[in-house]
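Peer 1: This is the structure I have questions about; it appears just below.
The values are calculated or read from the model by the stated rules, or taken from the named source; none is laboratory data. This is a predicted model, so every value here is computed, not measured. These area figures cover heavy atoms from the full protein model, side chains too; ligands, DNA and RNA do not enter into them. Shrake-Rupley method; radii C 1.70, N 1.55, O 1.52, S 1.80 Å.
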Amino acid sequence: MPDPLARVREARSQLEAAERDVDHARAAFYRAIAAAYDDHGISLSAIGRELGVSRQRVRALVELGRRNGL
């Protein structure tokens, strides 16, 4: 039977890797929204329609990305 603590360590390692992947994906999402808005002039409303969220939520995502240096 495998060492239970080894299984705990492996699970922790997998979780940490998944969290890093999520962080990278979130940053890419925020950058894509900011680029669509800032660089390509797509309106907050149009981005919101594409995402299924309000323009206010898109504005919040843009601001969140800016505050976090993305």
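Peer 1: If the convex hull of the alpha-carbon atoms of the chain is projected onto planes in all directions, what is the mean projected area in square nanometres?
Peer 2: Reported value for the Cα convex hull: 6.3 nm².
Peer 1: Here's something else I'd like to know. Over the chain, give the accessible area per residue in Å² for a 1.4 Å probe, as an integer.
Peer 2: 76 Å²
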